[in-house]
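Enquirer: Below you'll find the structure I mean.
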């Protein structure tokens, strides 16, 4: 059912994040080796490294692409307390110490944080070029590039104090220009006595400030990752949270006297799914393009996928697991292997996909 | 249908040791990599896995059967049928029932054409490929078989609900062995046909498929066909009543005739009139529905539904469509299949029991792509077979189910390089979520060439997704800029109606001029036309170019007028003032007076305002002098006119 | 007006389809060039009639891999075919018949004909042929002059256009007409050493993109351009300040237009909305106006033309068509090709 292509990432240490550009044609990886690598896939589907540069002086936690309307732009955040914005430059040869055929230049260094910057995300392009970061000291910072054609100029527009250390954030991607922007922030503070660990913030036009709408008190365990799903026209916002288990929440805006007066949205929070399939801490959550499948990874070493069926209930649909004993030296089968009786081209130039083996398992995966 | 969850193995030891993380790509792929969560509070340093093993990123995608070249035809052909179906539904003047039946047959013939291609190809390949093709053949054979039955039970109109004739057709179609053998035998050497080892199996097989005439024809070729027992059997078979709903006979009348005939045959059997030929005796015992006889011939049936149709023909010829289910279960039990029912069996049983929802659930798990379930559900939905369920099953919504399949299938296709247009056509028929899904996915299709971009743009515009179209134009503009194609970038910027971007590009033109002294892309600037109005900067650029052209062609007076109007406007970029001033000098000093006194005042005024500009430092005195001189000349000249 | 239609699904989107020239003008071989697939191909087909079921179906004779989309394909003569690619190259392909096996072989390959300054390759959008001379144009705004006899590039005009060049046709042996993304048409004199066009005019006041160009078979100063709004614009290049007439025709953008080679008063067009039409001056032959061409008649042209739909609307783009006698073949984005037989040609 799945086939895979292996790309040798050549980082000297574990990869912390993999991000694709808007079209899926370019890939950026970042690692504890402090490097960021950019990959492109050629016309035959093979991925090659086109750039590699030392981005920070500490582990690079996250890397993310801006919308292509702004050009070829990346943002990274690191243990070294900084975040940076990078742009690909045309025509120059790589600088010293850099490999590859493309050249990435640091456009700005955001040094406002006094602790590790744990997450960085570009805002929805409808609002211009904005960037949000969050840090272990519990501060969320919103930056903006007033002139989108000049990426060296960024202003710190807002600093939002969150009481607890922040580990992750997510912009709500599907709001229209008329609606106020919304951010979800998660904290990995380990003390349940400190209350809810997911916070929803909204930008109020009235007060010109980011205001907290909601603290989701039903989630008190540390939160490691959080993500809003793209909206297919639903009346509610869909939020996935990675904590001691997988949580899926519906946030429904309600109209009441209070919200009309204050100008702030009132949200009704409903937990629609809770999955303990990982049987351990969940580290990451990630939505597919239509927000219909959620991929999660956890301490059981697996990636699990959940899908919503037509009656709006969520069900696990597949599991991915690493296993070294199944390593074969050569890919066994290629995807385009069906001949039509005529000469086929040699396959060495094209990307080679091999089928993944599978095992059927009963729903409970033993703890290991 | 929760059943077993499949676990897929990533063949990598590092992944096993550290754990996995995943990241989706647009559109339908996912990358998976070895991941270990680092605690940000820990000391930052190389992890335990540093340098020990190369880390890999695995790019995963669904292996979709339909994308294999040999099966791809199916996708487009069936898309054609799908669109026809939607067209039929929206046309209120047509008889939907008969049109839907035609379309169902069209779908089936598309599947059969696909099977033919597979059969052709399997002869040309070896080894693993042969196995793969064989798998495909099995899958599509099952699909056609199920579809055919569903067509009979759910789409077709069955006169009087007497379904047996159609069921028999269905079985005959899918088990053609006996017909072939019979045809071969009857067209070959006819003497002593019984010597052929296939003779009696074919006779029994044909009997089981209700081909009584063929049975008689075969028996006539038996060397003993003239004997009494053979002739008796022939008479009996000839006299066998066969129900025909159009004959005018009522069901009860027919049953009486049938009863008489059966009793007659039974009495002959009891009188041991057929014992001389065990085969003929068996035949007679079968046609009266004797249980033991039927148990004996079970081995002739490959499947329970073969047995079902046969047994019904000889015991319940007027069975009604909704009674078939219970008889089906009976046959399954008889053939002891209850515990090893394959997928296909389960689907067919569910269909016979009119459990449409179960049919759909089972089909969903037949293959990893939604081709079958999407198209069949769409057909059944429009045939009204799903809406009945809404009353029976709580929380069931036929529309939502229907839409969810279309959405999944359409999204799947949109991730394919070539089939994205087909995907769009399915998403178009998702009433609540289709347009939004298109809005999310369409802009993600890589803009490889301008030709492809134009096609994507067209799709966006057709659905009035204006902001998607504009965004695509902007991205194309940025790409052209990156390639150093300023003129092309400006063209795309204008199409995207992005004011700031247009201004930015206009600035680039002007900056280049200040550096090189040449205006690039003059062919573009020649015919800016009304789109100049997109941005002030562009208007300035256009007008400045006009000024340039007038100057080059010696029309100094017009050029001067334009220059003055530019100076008086508010649209001159700061960095360009000194260029305009400098270019004013030759005009100020020209023999012919081109600036009126008013004009000159304007120039002087602007000069005063902008005297602080650093670029003007050396030139400002010359300018003041030239302006003053021109002023005096102009004033003198104008005084004369008075 | 009866004609019959035969469709075949070929599992690739067809961008170009061309009859192979036949010495008796009775082509039965044709080629298709695909686009937007992981591996694009040029395929040679032969139509075979099956007497049993009165069906005509194409039989695949040879397949040739092509890197990138097939952006244009034309026969120089029955044995040689030129094809251009979205990777900026062009190839001269020979149809070889060895021991009764037909295959397609590359004879000359021109790589890197079109590229951008940042070294990215640029699509070669189109080319035109005049005997053995070839002119290619691309998204990089470049014009190349080649000859079918040599691998060398005869002449290259860089930055010929600040916008992407999309179409090109020969007006005379030394004159070509190009059109760009913005609707700017340029006439070039190939004998001149200049890097600029000798004449420039706009397709229309608004920036409409011309998507295809063709000239009248017997009166080459008569140019018809189809654009991405579905209109046909006629120009008489003897006086080219404004178009002779503009016909708002198709729903979608016009992919190809072709005059019938033997009956030049009949025009055929296909569009991205899935339409394929036959344009004819109304039946009565008497209306040959003086000796001027109907297409040059300024107004009222709508009244003098009859348009026939040759196929039910496909719903997906028809990218290419080609004519031979009373048959037309077309290649479409629903990964199928269609043969329309028995077109009535009004004489």
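Enquirer: Could you list A:112, A:21 in order of exposure, starting from the residue whose Cβ has the fewest other Cβ atoms within 10 Å?
Expert: So the residues, fewest neighbours to most, are A:112, A:21.
Enquirer: Sticking with this structure for a sec: Classify the range B:545-642 as rounded, prolate or oblate from the Cα gyration tensor: take a ≥ b ≥ c as the square roots of its eigenvalues, call it rounded if a/c is under 1.5, otherwise prolate when a/b beats b/c and oblate if not.
Expert: oblate
Enquirer: Quick check: from the Cα gyration tensor, does the protein assembly as shown come out rounded (a/c under 1.5), prolate or oblate?
Expert: Since a/c reaches 1.5 but b/c is at least a/b, the shape of the protein assembly as shown is classed as oblate.
Enquirer: Give me the angle, in degrees from 0 to 90, between the Cα long axis of helix B:343-352 and the longest principal axis of the Cα atoms of chain B, rounded to the nearest 10.
Expert: 80 degrees
Enquirer: Helix B:499-516 versus the longest principal axis of chain B: what is the Cα-based angle in degrees, 0 to 90, to the nearest 10?
Expert: Approximately 50 degrees, to the nearest ten.
Enquirer: Can you pull the one-decimal nm distance between simple spin-label points at residue B:180 and residue C:191, each 7 Å off the Cα toward Cβ?
Expert: 7.3 nm
Enquirer: Any idea how far apart residue B:320 and residue B:232 come out in nm if each label point goes 7 Å out from Cα toward Cβ?
Expert: Distance between the two pseudo-spin positions: 3.9 nm.
Enquirer: Looking only at the range B:467-481, which residues have a backbone nitrogen under 17 Å from a spot 7 Å from the Cα of residue A:126 in the C-beta direction?
Expert: B:467-472
Enquirer: Can you sort B:414, A:308, B:30, A:178 from fewest to most other Cβ atoms within 10 Å of each residue's own Cβ?
Expert: Ranking B:414, A:308, B:30, A:178 by Cβ neighbours within 10 Å, fewest first, gives A:178, A:308, B:30, B:414.
Enquirer: On full extension of the chain, what length is gained from residue B:129 through residue B:518, given 0.36 nm per residue of separation minus the C-alpha to C-alpha distance?
Expert: Here the answer is 133.7 nm.
Enquirer: If r is the Cβ-Cβ distance from residue C:156 to residue B:569 and R0 is 25 Å, what FRET efficiency results, to the nearest 0.05?
Expert: 0.05
Enquirer: Find how many whole Å separate the alpha carbon centroid of the range B:529-571 from the alpha carbon centroid of the range A:173-220.
Expert: First find each Cα centre; the distance between them is then 52 Å.
Enquirer: Another question, if that's okay. Counting each DSSP H run of 4 or more residues in the protein assembly as shown as -39500 (n - 2.57), what helix-only mean residue ellipticity at 222 nm follows after dividing by all residues, to the nearest 500 deg cm²/dmol?
Expert: Computed ellipticity for the protein assembly as shown at 222 nm equals -9500 deg cm²/dmol.
Enquirer: What does DSSP give for the range B:13-61 in terms of the percent of beta bridges that are antiparallel, rounded to the nearest 5?
Expert: Restricted to the range B:13-61, the bridges split so that about 100 percent are antiparallel.
Enquirer: Let me ask something else about it. Between residue B:635 and residue B:533, 0.36 nm times their residue separation minus their Cα-Cα distance comes to what?
Expert: Contour length minus Cα-Cα distance gives 33.1 nm.
Enquirer: Between residue C:149 and residue C:111, what FRET efficiency follows from the Cβ-Cβ distance if R0 is 22 Å, with the result rounded to 0.05?
Expert: 0.80
Enquirer: Moving to a separate point now. For a label point 7 angstrom out from the Cα of residue B:158 toward its Cβ, which stretches of the range B:352-382 have the backbone nitrogen within less than 16 Å?
Expert: B:352-356
Enquirer: Then there's this: For a quick check: sort C:190, B:103 by the number of other beta carbons within 10 angstrom, fewest at the front.
Expert: Starting with the residue having the fewest Cβ neighbours, the order is C:190, B:103.
Enquirer: Once you sort the root eigenvalues of the Cα gyration tensor of the range A:1-130 as a ≥ b ≥ c, which label holds: rounded (a/c under 1.5), prolate (a/b larger than b/c) or oblate (the other case)?
Expert: Because its axes are fairly even, with a/c under 1.5, the range A:1-130 counts as rounded.
Enquirer: So how far apart, in nm, are the two label points at residue B:613 and residue B:395 if each is 7 Å from Cα heading toward Cβ?
Expert: With each label point 7 Å from Cα toward Cβ, the separation is 7.2 nm.
Enquirer: Right, another one. For chain B, report the translational diffusion coefficient in µm²/s to the nearest whole number, using Stokes-Einstein at 10 °C, 1.306 mPa s, and a Kirkwood Rh over Cα pairs.
Expert: Answer from the Stokes-Einstein relation: 48 µm²/s.
Enquirer: Measure nothing but the geometry: give the 0 to 90° angle between the long axis through the Cα atoms of B:251-270 and the longest principal axis through the Cα atoms of chain B, rounded to 10°.
Expert: 50 degrees
Enquirer: When chain C is treated as a GNM, springs tying every alpha-carbon pair under 10 Å, which of C:55, C:46, C:262 comes out with the largest mean-square fluctuation?
Expert: Greatest mean-square fluctuation among the candidates belongs to C:55.
Enquirer: Rounded to the nearest Å, what's the spacing between the alpha carbon centres of the range B:487-519 and the range B:4-24? Just the number, please.
Expert: 49 Å
Enquirer: Oh, and also: Roughly speaking, what % of Cα-Cα pairs in the range B:13-61 are separated by over 15 Å, rounded to a whole number?
Expert: Tail of P(r) above 15 Å: 52 percent of Cα pairs.
Enquirer: Over the whole of A:21-32, what's the average partner chain Cβ count within 10 Å per residue? Rounded to a whole number, please.
Expert: Taking all residues of A:21-32 together, the mean is 5.
Enquirer: What's the Cα-based Rg to Rh of chain A, Rh via Kirkwood?
Expert: 0.98
Enquirer: Restricting to Cα pairs below 8 Å that are 6+ residues apart, what does the relative contact order work out to for the range A:3-355? Please round to a whole percent.
Expert: 9 percent
Enquirer: Computed FRET efficiency, Cβ-Cβ of residue A:42 and residue B:299, R0 60 Å: what is it to the nearest 0.05?
Expert: FRET efficiency, residue A:42 to residue B:299: 0.50.
Enquirer: Also, quick follow-up: If you find the alpha carbon centre of the range C:183-258 and of the range B:369-443, how far apart are they in angstrom?
Expert: Between the Cα centres of the range C:183-258 and the range B:369-443 lies a distance of 43 Å.
Computed from the coordinates by the stated procedures, all read-outs in this text should not be read as laboratory data. Everything numeric in this text was worked out from a predicted model, so none of it was measured. All Cβ positions, glycine included, derive from the backbone under ideal geometry; neighbour counts span all protein chains shown.
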